[in-house]
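Asker: Encoded as structure tokens, here's the structure I'll be asking about.
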Amino acid sequence: MITLHVFGPAFGLSDPSPFVTKAELLLKWAGLPYQVSRKGFFKAPKGKLPYIDDDGACVPDSTFIRWHIEKKYRLDFDAGLSESERGIAWAVEKLLEDHLYWPMVYYRWCDDTNFKKGSARFFRRIPWPVRGLVERSVRGKMRKYLHAHGMGRHSEQEMIALAAKGLASLAAILGSRTYLMGEQRCGADATLTAFVTGALCAHFDSPIRTLAEQHANLAAYSARMMRENYPALGQP
């Protein structure tokens with residue numbers, strides 16, 4: 001049995017981390033039996049979620065989880081795609097994970113209003129005398145991560161401009177197709193679903209959400225994919 005280590009549902013999302021949602025969608029689509037655990041964060045081999053335990057094999061990172069599934073269980077999430085289409089699908093994943101993700105992080109962790117109604121809930125179990133110190137420390141680390149990545153060196157308006165270009169590009173690539181690359185689902189659909197749904201999350205108010213809502217095809221795609229894969233959650 002595969003164990004997927006997750007944070008758990010929050011903010012109307014299957015998981016606050018789009019990387020976790022991506023990994024879970026891949027497990028669902030592979031048809032593999034799995035269970036989830038919310039107790040693995042402090043044992044995460046790279047200090048992040050998700051990771052899986054597959055009969056003793058520990059595999060961190062959503063992309064390496066995908067490659068592990070494909071290799072061990074002889075699956076190809078991109079079956080039917082040409083080499084060119086595979087390249088486009090990979091490029092879309094990297095746009096989402098390396099470009100759209102960081103503005104989302106900024107508005108969830110660095111915006112005071114969003115933090116108070118969102119990520120602050122992760123600190124509720126910490127005794128109140130030290131909770132504020134821990135919150136400030138973690139938020140400081142998030143700002144350092146943003147700065148180290150490079151996105152945090154931009155002004156807020158520059159981040160918004162980059163996110164706008166990325167979302168417009170995603171909408172143009174998806175077009176009127178059912179799935180990212182056509183009428184057949186591919187591996188990058190797990191990433192597109194997870195990150196666009198995160199951007200559209202109604203729990204947070206941000207320019208990223210406003211920009212995503214302007215693309216009707218992305219919003220419709222997200223709603224349909226969530227209904228199909230997480231019916232208990234309803235529409236995000």
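The values are calculated or read from the model by the stated rules, or taken from the named source; none is laboratory data. The structure displayed is predicted, hence computed values, not measured ones. Please note: Cβ atoms are built from the backbone with ideal geometry, for glycine as well, and neighbour counts cover all protein chains shown. Heads up: the accessible areas ignore ligands, DNA and RNA and are worked out on the full protein's heavy atoms, side chains in. Shrake-Rupley method; radii C 1.70, N 1.55, O 1.52, S 1.80 Å.
Asker: Find which of Ile88, Ala232, His68 sits farthest along the positive direction of the dipole of the chain, computed with +1 on the beta-carbon of Lys and Arg, -1 on that of Asp and Glu, about the Cα centre.
Answerer: Ala232
Asker: Restricting to DSSP H runs of at least four residues, report the calculated mean residue ellipticity at 222 nm for the chain, -39500 (n - 2.57) per run over all residues, nearest 500 deg cm²/dmol.
Answerer: Using -39500 (n - 2.57) per qualifying helix, the result is -16000 deg cm²/dmol.
Asker: Mind checking which helices in the chain clear 24 Å along their axis (Cα) and have mean Kyte-Doolittle hydropathy of 0.0 or more, DSSP H runs only? Please report the intermediate quantities before stating the final value.
Answerer: Details: long enough: 128-149 (32 Å, -0.78); 156-174 (27 Å, 1.12).
Both cut-offs are met by 156-174.
Asker: Now for a different question. Along its three principal axes, how long is segment 68-192 when you only count alpha carbons? Whole Å, largest extent first please.
Answerer: Largest first, segment 68-192 extends 57, 37, 25 Å along its Cα principal axes.
Asker: With Cα extents along the principal axes in Å as the read-out, I listed [x] 49, 42, 35; [y] 62, 34, 32; [z] 55, 43, 34; which label goes with the value calculated from this structure?
Answerer: This structure yields the entry labelled [z].
Asker: While we're here: Which GluC sites (Glu not before Pro) does segment 136-236 hold that lie in a coil by DSSP with at most 11 other beta carbons within 10 Å?
Answerer: Numbers: sites: Glu156, Glu158, Glu183, Glu213, Glu228; in loops: Glu183.
Listed in order of number, the matching sites are Glu183.
Asker: Still on this structure: Two decimals is fine: what is log10 I(q)/I(0) at q = 0.18, 0.28 Å⁻¹ for segment 173-236, from a Debye sum with one equal scatterer on every Cα and no solvent?
Answerer: Rounded to two decimals, the profile gives -0.62, -1.31.
Asker: Quick check: from the Cα gyration tensor, does segment 137-183 come out rounded (a/c under 1.5), prolate or oblate? Please list the in-between numbers first.
Answerer: Values: a/c = 4.46, a/b = 2.37, b/c = 1.88.
Prolate, because a/c is 1.5 or more and a/b exceeds b/c.
Asker: Could you tell me what percent of the accessible area of the chain is made up of carbon and sulfur, with a 1.4 Å probe and every protein chain present?
Answerer: Whole-percent figure for carbon plus sulfur exposure: 55.
Asker: What ranking do 4-15, 129-140 get when scored by the average of other Cβ atoms within 10 Å per residue, highest first?
Answerer: The packing order, highest mean first, is 4-15, 129-140.
Asker: In Å and whole numbers, how far do the C-alpha atoms of segment 98-145 stretch along each principal axis, longest first?
Answerer: Principal-axis extents of the Cα atoms in segment 98-145, largest first: 36, 20, 15 Å.
Asker: Also, I was wondering about something else. For the chain, with a Gaussian network of springs between Cα atoms less than 10 Å apart, report the residue from Ala57, Ala194, Ala172 with the top mean-square fluctuation.
Answerer: Looking only at Ala57, Ala194, Ala172, the biggest GNM fluctuation is shown by Ala57.
Asker: Antiparallel DSSP bridges in the chain: what percent, to the nearest 5?
Answerer: Around 70 percent antiparallel, to the nearest 5.
Asker: Can you flag which of Lys39/Lys94; Lys28/Lys72; Lys94/Lys165; Lys46/Lys141; Lys22/Lys144; Lys22/Lys165 are past 18 Å Cα-Cα?
Answerer: Too far apart for the 18 Å limit: Lys39/Lys94; Lys22/Lys144; Lys22/Lys165.
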